[in-house]
1. Points 7 angstrom from Cα along the Cβ direction at residue 50 and residue 23: gap in nanometres?
2. So for the pair residue 40, residue 95, with labels modelled 7 Å out along Cα→Cβ, what separation do we get in nm?
3. Can you give the FRET efficiency to the nearest 0.05 for residue 67 and residue 110, using r as the Cβ-Cβ distance and R₀ = 25 Å?
4. If r is the Cβ-Cβ distance from residue 103 to residue 79 and R0 is 35 Å, what FRET efficiency results, to the nearest 0.05?
5. Tell me the Rg and the Dmax, in Å, that the Cα atoms of segment 19-114 produce.
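Nothing in this text is a laboratory measurement; each read-out follows from the coordinates by a stated rule. Keep in mind the model is a prediction, meaning the values are calculated, not measured. Virtual Cβ from ideal backbone geometry, glycine too; neighbours counted across all protein chains shown.
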């Protein structure tokens, strides 16, 4: 994977100011990172995701999954059953986020240990 030689070289493409903005536009928001984190181990059904994310509404989870699917990060498979079974998994591009999500989790663990106890 190529690495960026200079971090201050971020040309404006007429829509986004730089690659970091493109990343945040695609994966920003409260729930997308958590959804992706819970898809790292493998395919999950919608109900399983709902259980692992109890504070997200069904509507918000659906919206975030649709956006991630639209952006090529998550794939959705509908099984022709009654009732229909829908499964979500990471695409190859989504799996490339694994080291980023692992680093975020590691940083979050360290940060939470340093927070004062409530």
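1. About 3.3 nm, to one decimal.
2. So the two model labels end up 1.5 nm from each other.
3. That pair, residue 67 with residue 110, gives E of 0.30.
4. That pair, residue 103 with residue 79, gives E of 0.55.
5. 13.9, 49
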